[in-house]
Amino acid sequence: MTDPTRSETEPSLQQAVREPWRRFTEEFEPVRPELYRYCRTLTHSPWDAEDLVQDSLVRAFVSLGTSPSPPDNPRAWLFRVASNHWLNQVKRRREDLTAVPPEPVSVDANPRAVREAGGSLVGQLAPKERAAVVLKEAFDFSLEETAEVLSTSVGAVKAALHRGREKLKHSEDTAAGEPARTPCPGVLDEFCRAFNAHDLERLMGLLLDTTEVELAGTFRGFGKEAAKRALGGLMFAPEQAVAAGIAEAQRGDLLLVPPRFEAVVLRGTPLVLAYFQHESGEAVRSFTRLDWEGGAGGDGDRITKIGTHLHSPEALREICGELGLPCRTNGYRNW
């Protein structure tokens, strides 16, 4: 609804908010790699870690706008926002992270199993023990900074570190094995086939009228019209779509043609990878998670959410690294 008291030359609320958000994003961009690594140690997958990063940035932006003064230690403050949000998530889900030991496998398993052995052991710790150990050992936070991040006392941090280290000391050196291969849900395969055939009508038939469409950190819309603009733009106007989504400095030898979608299952989670074309060959530049109603991914299921990560370089590298696929990253922002 239009505000009749607002001048036509006055920027809209959306425009007024966009510039501070961009400034905030640029200001905290140097911390993003560390923030992702921290979130990755707390969560179970690259996509969960990236979701935590995105949620934490939004919460930090809102918190900064309502605080009487800027944070004394921006890095510790941002880690605190992420820690509080994750701890609240764990509390809401009532997860007992110490009750799920990893499946033991032989040490000559695949390289990812060996690489993630440490993460599997840390994952056995209680939430605050896990956060305290990671902050102190992996990120070299002082006891005082760790206490600030976790909103607790130095004494409580020392106790959490002691408990966590003792548990790790007595844990067996086991690693998480490669998850069982599972078939890709049919609705994802159909989604990819329709997109690759540039059949927009068929693609829209897979969506609900209320489907949520999100480009993490950049755009969110609802309904088939929003999906048409996003997906149809990639199909039929890739020059404009790429220009809106990938900053020119990040494109390299990218060809302005529609990408190719491919559905995969990684760690039991279905993903859609977007292969963009380059003069030197194709490479994955984004990944998408889809939700659908019905739960089985069969005939008749309809997609309820399309969540695309185009500006999540750490998560994209990890996903493509595990799958052995070429990838190109797009930085953290589209400007």
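Does region 250-273 hold any residues that are within 18 Å of the chain's Cα centre (by Cα) and buried (at least 21 other Cβ atoms within 10 Å of the Cβ), and which are they? First the steps, then the outcome.
Kept after step one, since they are within 18 Å of the chain's Cα centre (by Cα), are these residues of region 250-273: 263-273.
Once the filter is applied, which keeps residues that are within 18 Å of the chain's Cα centre (by Cα) and buried (at least 21 other Cβ atoms within 10 Å of the Cβ), region 250-273 yields 263, 270, 271, 272, 273.
Kindly list the number of the only condition in (1) at pLDDT below 80; (2) small (Gly, Ala, Ser); (3) within 18 Å of residue 275 (Cα to Cα) that fails for residue 243. For residue 243, the exception is condition (1). Considering only residues that are assigned to a helix (DSSP H, G or I) and touching a Lys or Arg at 6+ places or on another chain (Cβ under 7 Å), which ones fall in region 199-224? Within region 199-224, 200, 204 qualify.
Here is a check on your reading of the model: is residue 227 part of a helix (DSSP H, G or I), out of contact with any Lys or Arg (no Cβ under 9 Å at 6 or more places or on another chain), under 24 Å from residue 57 (Cα atoms) and touching a residue at least 40 places away in the same chain (Cβ under 8 Å)? No: the conditions fail for residue 227.
Can we say residue 50 is outside the structural domain of residue 266 (by TED's automatic domain parsing), touching a strand residue (DSSP E or B) at 6+ places or on another chain (Cβ under 7 Å) and either assigned to a helix (DSSP H, G or I) or surrounded by 12 or more Cβ atoms within 10 Å (Cβ to Cβ) (or both)? Judged against the criteria, residue 50 is a match. In this structure, residue 310 does not satisfy being farther than 26 Å from residue 211 by Cα, touching a strand residue (DSSP E or B) at 6+ places or on another chain (Cβ under 8 Å) and among the aliphatic types (A, V, I, L, M).
The values are calculated or read from the model by the stated rules, or taken from the named source; none is laboratory data. Since the model is a prediction, treat every value here as computed from it, not as a measurement. Quick reminder, even Gly has a Cβ in these numbers, built from the backbone with ideal geometry, and neighbours come from all protein chains shown.
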